[in-house]
C-alpha cells in the first residue's frame, strides 16, 4: 500500500490540500489507521498553536498576515528563479567563450602552418638554373653563386666559423681571430 507523504498529511490536516487530492487522501484514511493517527496529530498541534496565539492582539487581521506571507513566499521563489537564470546565462557564456577560444586557436595554427616555411629540399636535389642566385654556407664561410661564377667570403680559421642560414635568404658567418681577438661577422642577404 502506498502511503501519502507527511507534507500531504499536514496539508490535509490544515484543509490546504487541493480538492481532488483531498478526496483521494480521505479515501486512503478510511482504511489506514497509521495515516489517520498522523493527521490527528497534525490537527492537535494546529489546535495547540491556536491556543498559544491567544496572547496576540485581538484586532490582528489574519487575512492580511496570510497575504503578506504569500507575497513574501512568491517574492522568494521569483528571486530564486532569477538567480537560477543568471547562473544558467553565465554557464552559457563560459561555453561560448571556450568555443571562441578554440576557434581562434584553430585559426592561429592554420595561419602558422600556411605561412610557415615550406618543405626543405637538399641543395643537390634542387634544380638551379643559371639565372638563380644561390646563397650557400660552407665550412669556410659564405658563398654566393650565379651564372657559373661565385663570390666567397672565407675566414682564415675554417674550424672556428659559426654559420647560420635562414629560410628568408640570408646567410651569416662569424669567427673570432685568435691572434687579434677580433670578431668578424659576414651577413649576406640574397634578393
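Take residue 150 and decide whether it is assigned to a strand (DSSP E or B), at pLDDT 70 or above and surrounded by 12 or more Cβ atoms within 10 Å (Cβ to Cβ). Explain how you work it out, then say what you get.
Values: assigned to a strand (DSSP E or B): yes; at pLDDT 70 or above: yes; surrounded by 12 or more Cβ atoms within 10 Å (Cβ to Cβ): no.
When the stated conditions are applied, residue 150 does not pass them.
Evaluate segment 106-116: report whether one residue or more is surrounded by 10 or more Cβ atoms within 10 Å (Cβ to Cβ), assigned to a strand (DSSP E or B), modelled with pLDDT of 70 or more and on the phi < 0 side of the Ramachandran plot. Taking every residue of segment 106-116 in turn, none turns out to be surrounded by 10 or more Cβ atoms within 10 Å (Cβ to Cβ), assigned to a strand (DSSP E or B), modelled with pLDDT of 70 or more and on the phi < 0 side of the Ramachandran plot.
The values are calculated or read from the model by the stated rules, or taken from the named source; none is laboratory data. Because the structure is predicted, anything quoted here is derived from the model rather than measured. Cβ: placed from backbone, ideal geometry, glycine included. Neighbour counts: every protein chain shown.
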